[in-house]
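J.: Structure in structure tokens, see below.
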Amino acid sequence: MTMNNHTDASVIEAIALRKSYGTHDVLKGLDLSLTRGEVVALIGPSGSGKSTFIRCLNMLEIPTEGTIRFRQKKVGDRFRDNGEEIGIGTLRRHVGMVFQHFNLFPHKTVLQNVTEGPIIVCKTSKREAEERAMDLLAQVGLAEKHAAYPNHLSGGQKQRVAIARALAMQPEVLLLDEVTSALDPELVGEVLAVIRRLAEEGMTMAIVTHEMAFAADVANRVLFLDQGVIAEAGSANDVILNPQNPRLQAFVARFRG
Amino acid sequence: MTYNWDFHSVWQFYDLFLYGLWISVLYTIGSIFFGVIIGFATCAARLSRWWMFRTIARIYQEIFRCTPLLVQLLWFYYAFPLLVGGSIDNRVAGMLTLSLYVGAFYAEIFRGGIVSIDRGQREAAAAIGMSPWQSMTRIILPQALKRVLPSFINQSVIQFKNTSLVSVISVADLAYMAAVVNGQTYRPLESYTVMAALYILMLLPLTQAADWIERRLRVSD
């Protein structure tokens, strides 16, 4: 998890991204560039397109228009690399994602969930993958649960396993899609603590969240999405603590309670 | 009514019953084997992104699900040869029809299992870089097949019973042999009771196993 490779060049980039379902435009031309070690928080009302947006970053949603660039190369529409274009499979191998509903593999143990990607996708040896997985599980505080099946874990534990599963691929970017929204309030803290530590260690992350205090705390940059566009962007201080846009003011006020 | 049961005269022909039972088991196992292959292929076609495959698979399924198996057997044995010119062996016609019939149902069972798996599973597999094939074989299918195992066994139990219909095209299965024994002994009550008892004997363990598996799956979910 060391990524002290600081450069100003973007790791992943979205250019003029549009996404429509039929006649419904969810994303209406968004741009974003993540530099190494940067943590960007995406906030906004539900239906504003923030989940769709980060799901476009690893091509779980195929953009209707616009480009994703990874390591300054265009991501193509094929699974494998194609000439100058990076394949979707390659992109996803280096860009991890954690989901709101965990999506752990219920037929595999905690350890197998974490080793599945390295063994099957990266062809890492089983022994090496298991060693690294145990190490990651220890980091998220779940080493003793390695033989358990996901059904026997709490929501917070599941989400920490899901984070370990994503980290096992040694991603350059981590996408977090409302990772605490499905958790009981008392379990949110343990997951946020793990993410906070990743941020401190320099992991590049795009985080969709409703946790305003958390976003203000860990993000270098906060984007406010509204009706499919980036309505306001800036430091956490500007966007969350001193919002200018009236809709953003209303939104932030509601979450501050 | 007093009836003098006489199983003895019928049981003299136990070797005919056992031979018939053996044939029934063979047709069951054979048609399940080919049916699983046909079922997987049809299921894959149904889930394909090319509409041609989807349509062909759908037409095949509907033809075999919407006609009685008896009609299919008669058609394949008596009508199909006229269509292509030549003749078809009754055992081949029987196995072919049984396989195509059960394949259509298996395809629907497999498909139902696959589409019942939460979309998040496929997304999680994709998000760690798995190819669609890896995602299907390592994540989706293991869960889907486990989920449909009870339905699969039920369909296979039905299939065992369905093999009795091949007797109408003179395949010497258990039902056919029971009729033969009846012809020899003029003892329909005993002949057909022995036949029924043999079917129960074969299938009871299977239905019990299906129930047991279903209960276990419910617990582990």
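The values are calculated or read from the model by the stated rules, or taken from the named source; none is laboratory data. Since the structure is predicted, the reported quantities are computational estimates derived from the model, not experimental observations. Positions of Cβ are backbone-derived with ideal geometry, glycine not excepted, and every protein chain shown enters the neighbour counts.
J.: Of all residues in the stretch B:96-134, which are buried (at least 20 other Cβ atoms within 10 Å of the Cβ) and at the interface with another protein chain (Cβ under 10 Å from one of its Cβ atoms)?
T.: Within the stretch B:96-134, B:Ala124, B:Ala125, B:Ala126, B:Ala127, B:Ile128, B:Gly129, B:Met130 qualify.
Table: residues versus (1) of a type outside the set (Asp, Glu); (2) at positive phi; (3) outside any helix (DSSP H, G or I); (4) under 15 Å from the mean Cα position of the chain (by Cα).
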site: A:Asp135; (1), (2), (3), (4): no, no, no, no
site: A:Ala138; (1), (2), (3), (4): yes, no, no, no
site: A:Glu144; (1), (2), (3), (4): no, no, no, no
site: A:Ala147; (1), (2), (3), (4): yes, no, yes, no
site: A:Gly156; (1), (2), (3), (4): yes, no, no, no
site: A:Arg160; (1), (2), (3), (4): yes, no, no, yes
site: A:Ile163; (1), (2), (3), (4): yes, no, no, yes
site: A:Leu176; (1), (2), (3), (4): yes, no, yes, yes
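J.: With the requirement that a residue be facing chain B (nearest Cβ under 9 Å) and in a helix (DSSP H, G or I), what does the stretch A:165-174 give you?
T.: Hits for the stretch A:165-174 are A:Arg165, A:Ala166.
J.: Oh, and also: Please go through the stretch B:86-95 and give me each residue that is more than 13 Å from B:Asn162 (Cα to Cα), among the aliphatic types (A, V, I, L, M) and assigned to a helix (DSSP H, G or I), ordered by number.
T.: Of everything in the stretch B:86-95, those that are more than 13 Å from B:Asn162 (Cα to Cα), among the aliphatic types (A, V, I, L, M) and assigned to a helix (DSSP H, G or I) turn out to be B:Val92, B:Ala93.
J.: Continuing with this model, one more query. Pick from the stretch A:92-143 the residues that are within 9 Å of chain B (Cβ to nearest Cβ) and among the charged types (D, E, K, R): which of them is farthest from A:Thr204 (Cα to Cα)?
T.: A:Lys108
J.: So B:Lys161 ticks every box in (1) touching a residue at least 24 places away in the same chain (Cβ under 8 Å); (2) under 21 Å from A:Glu116 (Cα atoms) but one. Which box is left unticked?
T.: (2)
Conditions tested, residue by residue: (1) surrounded by fewer than 19 Cβ atoms within 10 Å (Cβ to Cβ); (2) more than 16 Å from the chain's Cα centre (by Cα); (3) not aliphatic (A, V, I, L, M).
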residue	(1), (2), (3)
B:Thr28	no, no, yes
B:Ile32	no, no, no
B:Val36	yes, no, no
B:Arg49	yes, yes, yes
B:Phe53	yes, yes, yes
B:Arg58	yes, yes, yes
B:Tyr78	yes, yes, yes
B:Leu82	yes, yes, no
B:Ile88	yes, yes, no
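J.: Hey, among A:Ala231, A:Ala182, which residue is in contact (Cβ under 8 Å) with a residue 40 or more places away in the chain and assigned to a loop (DSSP other than H, G, I, E, B)? Before the answer, list the steps.
T.: Details: A:Ala231 fails: assigned to a loop (DSSP other than H, G, I, E, B).
It is A:Ala182.
J.: Are any of the residues in the stretch B:61-69 surrounded by 12 or more Cβ atoms within 10 Å (Cβ to Cβ), at pLDDT 95 or above and not in a helix (DSSP H, G or I)?
T.: Looking through the stretch B:61-69, at least one residue is surrounded by 12 or more Cβ atoms within 10 Å (Cβ to Cβ), at pLDDT 95 or above and not in a helix (DSSP H, G or I).
Quick grid of which residues meet (1) in a helix (DSSP H, G or I); (2) within 30 Å of B:Trp75 (Cα to Cα); (3) aliphatic (A, V, I, L, M); (4) under 23 Å from the mean Cα position of the chain (by Cα):
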position: B:Ala104; (1), (2), (3), (4): yes, yes, yes, yes
position: B:Ile114; (1), (2), (3), (4): yes, no, yes, yes
position: B:Trp133; (1), (2), (3), (4): yes, no, no, no
position: B:Leu141; (1), (2), (3), (4): yes, no, yes, yes
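J.: Now for a different question. List the residue pairs whose Cβ atoms are under 8 Å apart, where the first residue sits in the stretch A:39-54 and is free of Cβ contacts under 8 Å to residues at least 60 places away in the same chain, the second is surrounded by 21 or more Cβ atoms within 10 Å (Cβ to Cβ), and the two are 6 or more positions apart or on different chains.
T.: Cβ pairs passing all conditions: A:Thr52/A:Lys19; A:Thr52/A:Leu27.
J.: Would you check if there is a residue in the stretch B:169-181 being at pLDDT 90 or above, over 30 Å from A:Tyr149 (Cβ atoms), surrounded by 20 or more Cβ atoms within 10 Å (Cβ to Cβ) and over 23 Å from the mean Cα position of the chain (by Cα)?
T.: yes
J.: Among what's in the stretch A:45-66 and is more than 14 Å from A:Leu30 (Cα to Cα) and polar (S, T, N, Q), pick the residue that is modelled with the highest pLDDT.
T.: A:Asn58
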